[in-house]
Amino acid sequence: MKILNSKDLLQLMNNATENRIKVNDFEIDIEDHLDINLNIDSIEFNNCFFKGGRIDFYDFVRNDDIKDQFCSLSFVDCIFGNDLYIKNCCLYSLEFKNVHILSNNFSISSSDISRISIVGSPGRYNKIFCLTLNGLSFKKTSIDIRLNEFEGMIFINNCIFREVTINANIIDKINISGSIFEESFNFWRNQLISESFIKNCSFNELKGDHSNYGQSMNFNDTKFLGNCNFERIQNRRTLFKFSKCNFDKYIYFDKSDIYEISFDTVFFKEIVSFQNLNCDKIKLNRTHFDKVAFFNDLHIRNPDNCDLKTIRLIKNHLLKVENKIDYLKYSAIEHNNLLRSSKLNINDRILLNLNKQSNDFGNNWILGIKFTIKRGVQFFLLLLIVNNFVISKYPLSLNFKGEIASYSQILTEFLKFIFSLGFDNKEIQSNGFLYLIFIAAKIFIGYGIYQTISAFRKYGKS
C-alpha cells in the first residue's frame, strides 16, 4: 500500500484529468488538518487507510440544472483512524461501505444530500465508534444505516428527513432531538445496549418492531402522526417511557416482552393495542384514550407494583371490549392493591378479605368450595364442643369418655348441618347456643355457596 501525505493527496486531485476521481490502495497520512474543498462531481476512496489529523470535506456542490450531473462522495473498504467531518456540502450521494471508523468524531452536518448510505455486509459489519448527524434538511432524501456496529452513540439533532432506515445494527445508544421524519422511520431488528433518548421530534410512520431496545427507551415531547409499531420486542430489562407525547394514529405493542412500559401525559387519538404484552410493570398516568385500548391477554408479572389508577383504567377498557375474564383478573388485582392501602376502613378490609378467601374476587371457584367446606367443618366442630357443656337433645359431642358415634352418623349429621336449613330441627333448636352457632354457620356457608356460583359465572355471559 502506497503512502500519501496531505500535500500529495491534494496534488493528486488537482492533477485529475477527469471530473471523477478514484483513490485506490493508499495509506493517507494527514499531518495536521486537511480541508478538501473541490468542485468535483465524484470522489471515490477504495481500500484506503486514513490516519493522523482531522480531515474535512466541504463545499461539494452539484448543479441541479444539469440533470445528468452525479455529485457523490464514497468510501469503500476504508479505515479511519482520524476525525472525519463532512459539512456544507450539496451532494447527490454519500456512501460508506465496509468501513472501520475508529475516531471519536464522525460528523455529517449542515448539508443537503439526497442519499446517505452507511451499510456493511452480512459477514462484515461496518465498525463505527459514533455518528453525528446535525443540521441536515434532507427533505427529499433517504438515509440507509444497516449492518453496522456502533460502539458509541448515534446522535441526530435538528434534522429533517424524508425516509430513514436503521436496520440490523448493534448500537450502544441513540439520541435524537429536534428532528422531523416526514415519511417513514424504519427501526427494525436493531440491538441497543444503553439508555436512549428521543425528544422534541415528529414522526410520521414508525416501524420499531423486532428490535432490542437495551436498558431503556425514552420518548419526550414527541408527536407520532402516523401508525406506530413496537411489536415483538424481546428484552426483559427494557424500560419504555413516553412523556408528553401524542399519537394520532394506531399504535401496537403486541406480543412484546419487556420490563416496564410507562405513559405520562400522553394522548391517544386512535386505537392502541397491548395484546399479549408481557411486562413486570405498566404505568398510565394522565393518559387519555380517545378510542378503545385493547389490553386482552396483557400479563403483568408484578401487578402489586402498579398503581390503582393504571389498574382501573385497564379494567375499564377490558369491560368496553366485553372481555369479562381479563376484567375479573384485573378487578382482583385492584382489590388486592386496595387491601394494602393504609387508608382502607375496617369494614371494607373485612369484606375484601372475605372475597379474597372465598373466590379470589370471582376468579377461583375451587376456593369457593374450599371456603364453604372449611367454614362448615369449623362451625360443626364448634357445635360439638359447645354441646359438651350445655343441655340439649343434639346426639353428637366431642366427649370422648362416652360412646363414640359411628362415621356414618357423623357424616349424616355433618351433611344435614351444611345443607339443611334446620329451622325445624328440634335437636339443634333444643339449645339457644347451638341454634346461634347454626345460624352463624348458615350465613358463612350460604356466602361460600354464593361465591362459588359467582366464580362459575366467570365464563358465562356478562
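The values are calculated or read from the model by the stated rules, or taken from the named source; none is laboratory data. Please read these numbers as outputs of a predicted model, since none were measured by experiment. Note that each Cβ is placed from the backbone with ideal geometry, even for glycine, and that neighbours are counted across all protein chains shown. Ligands, DNA and RNA are stripped out before the accessible areas are found, and what is left, the full protein with its side chains, is counted by its heavy atoms. Shrake-Rupley method; radii C 1.70, N 1.55, O 1.52, S 1.80 Å.
Using the average count of surrounding beta-carbon atoms within 10 Å as a protection proxy, the listed peptides 90-99, 427-436 rank, highest first, as 90-99, 427-436. The Cα trace of the stretch 22-157 gives Rg and Dmax of 14.1, 41 Å, the first to one decimal, the second as a whole number. Compactness check for the stretch 276-410: Cα Rg over 2.2 N^0.38 Å is 1.61.
Take the Cα of R237, step 7 Å along the line toward its Cβ, and report every residue of the stretch 189-204 whose backbone nitrogen sits under 20 Å from that point. Flagged as within label range: 189-198. Potential lengthening of the chain between V61 and K269 amounts to 70.5 nm, from the contour at 0.36 nm per residue minus the alpha-carbon distance.
Of the residues C130, N212, T222, the one whose Cα sits farthest towards the positive end of the charge dipole of the stretch 123-270 is C130 (charges of +1 on Lys and Arg Cβ, -1 on Asp and Glu Cβ, taken about the Cα centre). For K374, list the aspartates and glutamates whose Cα falls under 17 Å from its own Cα; do not include residues on the same chain fewer than 8 positions away. Correct list for K374: D360, E413. Per-peptide packing, taken as the mean over residues of other Cβ atoms within 10 Å, places 270-277, 286-293 in the sequence 270-277, 286-293 from highest down. Helical content of the chain, expressed as a calculated mean residue ellipticity at 222 nm, amounts to -8000 deg cm²/dmol (DSSP H runs of 4 or more residues, -39,500 (n - 2.57) each, divided by residue number, nearest 500). For the chain, the share of alpha carbon pairs falling in successive 10 Å distance bins from zero is 4, 16, 19, 14, 11, 9, 8, 6, 5, 4, 3, 1, 0 percent. Basic side chains Lys and Arg get +1 at the Cβ, acidic Asp and Glu get -1 at the Cβ, and with that the dipole of the chain about its Cα centre reaches some 3140 debye. Only helices reaching 24 angstrom along their own axis (Cα) with mean Kyte-Doolittle hydropathy no lower than 0.5 count here, and for the DSSP H runs of the chain these are 365-386, 432-456.
Sorting 406-418, 187-199, 249-261 by their mean Cβ neighbour count within 10 Å, with the most densely packed peptide first, gives 249-261, 187-199, 406-418.
For the stretch 125-195, relative contact order (Cα pairs under 8 Å, six or more residues apart, normalised by length) works out to 30 percent.
A 1.4 Å probe run over the stretch 248-321, with the rest of the protein chains in place, finds 43 Å² accessible per residue. Given a Förster distance of 56 angstrom, what is the FRET efficiency for K393 paired with K223, based on the Cβ-Cβ distance and rounded to 0.05? Result of the calculation: an efficiency of 0.10. Placing a pseudo-label 7 Å from each Cα along the Cα-to-Cβ vector at I453 and Q357 gives an inter-label distance of 2.2 nm. Of the residues L284, N305, L382, the one whose Cα sits farthest toward the positive end of the charge dipole of the chain, with +1 on the Cβ of Lys and Arg and -1 on the Cβ of Asp and Glu, is L382.
Please compute the Kirkwood hydrodynamic radius of the stretch 165-224 from all pairs of different C-alpha atoms, in Å with one decimal. Result for the stretch 165-224 stands at 11.6 Å. What the Cα atoms of the stretch 276-317 give is an Rg and a Dmax of 10.0, 28 Å.
When only Cα pairs below 8 angstrom with a gap of at least 6 residues are kept, the stretch 242-339 shows a relative contact order of 22 percent.
This model, with +1 at the C-beta of Lys and Arg and -1 at the C-beta of Asp and Glu, gives the stretch 221-269 a dipole about its Cα centre of some 60 debye.
Modelled this way, with points 7 Å down the Cα-to-C-beta line, the labels at N285 and S202 are 2.8 nm from one another.
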